[in-house]
1. Taking R0 as 35 Å, what's the FRET efficiency between V331 and L467 from their Cβ-Cβ distance, rounded to 0.05?
2. For K30, give me every one of the lysines with a C-alpha distance below 16 angstrom, ignoring sequence neighbours fewer than eight places off in its own chain.
3. Over the Cα atoms of region 57-179, what is the Rg over Rh ratio if Rh follows Kirkwood?
4. Mind checking the angle between helix 284-309 and the chain's longest principal axis? C-alpha axes, 0 to 90 degrees, to the nearest 10.
5. Would you mind telling me the share, in percent, of accessible area of the chain contributed by carbon and sulfur at probe 1.4 angstrom?
6. As an exercise, find the ratio Rg/Rh for region 237-288 from alpha-carbon atoms, using the Kirkwood inverse-distance average for Rh.
7. Could you compute the net charge surrounding W70? Neighbours are other residues with a C-beta less than 11 Å from the C-beta of W70; K and R count +1, D and E count -1.
8. P(r) for region 266-373, please, calculated from all Cα pair distances in 10 Å bins and given in %.
Amino acid sequence: MSVVEGARVDAGAGEGGGAEGPVRLDGRLKLVLVVLLVAQFMLAVDFSILNVALPVIGDGLGFSLSNLQWIATSFALCAAGFTLLFGRVADLFGRRRLFLVGLAVLGLSSLAGGLATSPEMLIAARVFQGLATAAVTPAGLSLLTTSFPEGPLRQKALGLNGALMSAGFTTGAILGGVLTDLLSWRWAFFINVPVALAVLFIAPTVIKESRPQSRPKLDVPGATAVTLGLLALIYGLTQAGEHGWGSGSALGWLAAGVVLLIAFYAIESKSAAPLVPVSVLKKKTVAWGNIAGLIAFLTETSLVFLMTLYLQEVLDFSPLTAGLSFGVLGVGTVIGGSIAPRVIAATNTRSTLIIGGVLQAVATLSLIALGESSASMWLLLIATFAGGIGNMLVIVGFMVTATTGLPDHEQGMATGLATMTQQVGITMGTPIMSAVVAANTDIHAGITTAVIVNTAVVVVGILTTVLFLRTERSS
């Protein structure tokens with residue numbers, strides 16, 4: 001049986017699933033699932049809730065046009081740059097502890113952001129929101145994977161988690177427009193506070209602490225190299241989106257990021273207690289599973305950006321109307337997350353990645369037929385609905401693949417890698433597609449070209465899965 005197909009077994013042997021786990025959700029596990037999913041949904045909402053509110057925030061607090069992008073960039077830098085480090089910290093010092101501390105920081109920083117009276121205060125709040133996201137996301141995911149054994153229960157939990165993550169991203173775009181139009185942009189921050197308080201109140205009573213019996217040392221050189229490398233890479237991507245891919249600043253930061261990540265790999269290969277063991281990075285399920293996940297997040301979140309441009313700049317929709325148009329996409333992702341465990345059970349994770357990728361590619365390519373009148377809305381709604389289902393099949397398949405076959409004491413590291421993949425993908429997509437659109441003088445033509453590029457990237461993801469995520473036989 002293959003490592004990939006092992007995801008279909010109820011509970012595998014070894015430290016990751018050696019003990020016989022529950023075969024169905026009892027009352028406590030249901031509550032654990034609800035608490036963790038609520039937290040992950042809130043974090044997903046935070047990624048997009050401020051998108052339509054940025055111009056209003058800029059006017060209200062006096063941001064210059066050139067500095068406005070730092071509201072998103074400061075969050076993305078921290079959320080993606082520190083996630084692998086915090087994923088390992090969760091393994092070493094306690095996943096529940098880091099989860100709760102991160103939620104507390106998120107609640108306080110959201111309150112500070114809502115009360116901000118200057119650009120500096122808002123940026124500081126966004127930095128701490130990003131750091132909290134980098135802590136809570138891998139800690140919450142590792143609590144999820146260690147609470148549910150490999151097999152149907154974990155697949156169901158990860159399916160629901162994936163559906164709510166993607167739905168949260170879409171909900172954030174809608175909610176941001178509603179709150180900004182009806183109340184104030186400040187409520188895009190304040191809404192986190194009661195949710196964080198509720199989870200902080202309930203979580204300690206239902207979630208057990210999870211940590212290894214012996215505490216290994218933290219790989220400080222490796223942690224430093226990967227954190228600085230990711231920060232440089234993400235900053236380079238944001239510079240490319242702002243100044244173009246030929247910008248010296250963008251290329252310099254991207255090169256520095258690549259060099260630091262190569263140095264990280266060299267450090268890990270020689271470290272006695274590596275942050276990420278090279279043996280794990282060499283596992284096909286981890287390596288190619290994460291590449292599939294990177295492409296899934298890069299393409300779908302950047303497609304939301306492209307369709308937002310289309311709705312507002314070509315069809316002249318208001319931000320609120322454009323946001324509401326993505327409700328169909330949200331429904332598609334929820335359906336995709338709900339059926340993904342069944343597809344995995346009927347086939348395997350590799351086949352699920354391929355099926356989802358093909359559906360997403362076909363749906364995305366159909367968007368090149370969008371015209372310049374609202375008559376094209378039916379095509380947009382159908383395509384984003386179908387693409388949302390396909391994309392979610394890939395995301396759930398990626399999560400199951402990338403965390404399967406690893407012992408419990410490495411689940412924080414594995415989910416840290418998966419979270420890093422998610423957040424780097426989200427951050428990479430918009431600068432890449434923005435540069436493609438900007439290369440055309442006509443915005444509609446630019447959007448069409450970017451849709452073709454987006455489809456091509458999805459196809460690359462399908463091919464990597466077909467060619468490299470091979471079925472491996474075990475004795």
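The values are calculated or read from the model by the stated rules, or taken from the named source; none is laboratory data. All of these numbers come straight from a predicted model, not from anything done at the bench. Methodologically, a virtual Cβ is constructed for each residue, glycine included, from the backbone with ideal geometry; neighbour enumeration extends over all protein chains shown. We work out accessible area using only protein heavy atoms, side chains counted, and drop any ligands, DNA or RNA first. Shrake-Rupley method; radii C 1.70, N 1.55, O 1.52, S 1.80 Å.
1. 0.60
2. Those lysines meeting the cut-off are K156, K208.
3. Ratio of gyration radius to Kirkwood radius for region 57-179: 1.04.
4. Roughly 20 degrees between the two axes.
5. Carbon-and-sulfur percentage of accessible area, whole number: 69.
6. 1.16
7. Local net charge: -1.
8. With 10 Å bins starting at 0, P(r) equals 11, 32, 26, 18, 10, 2, 0.
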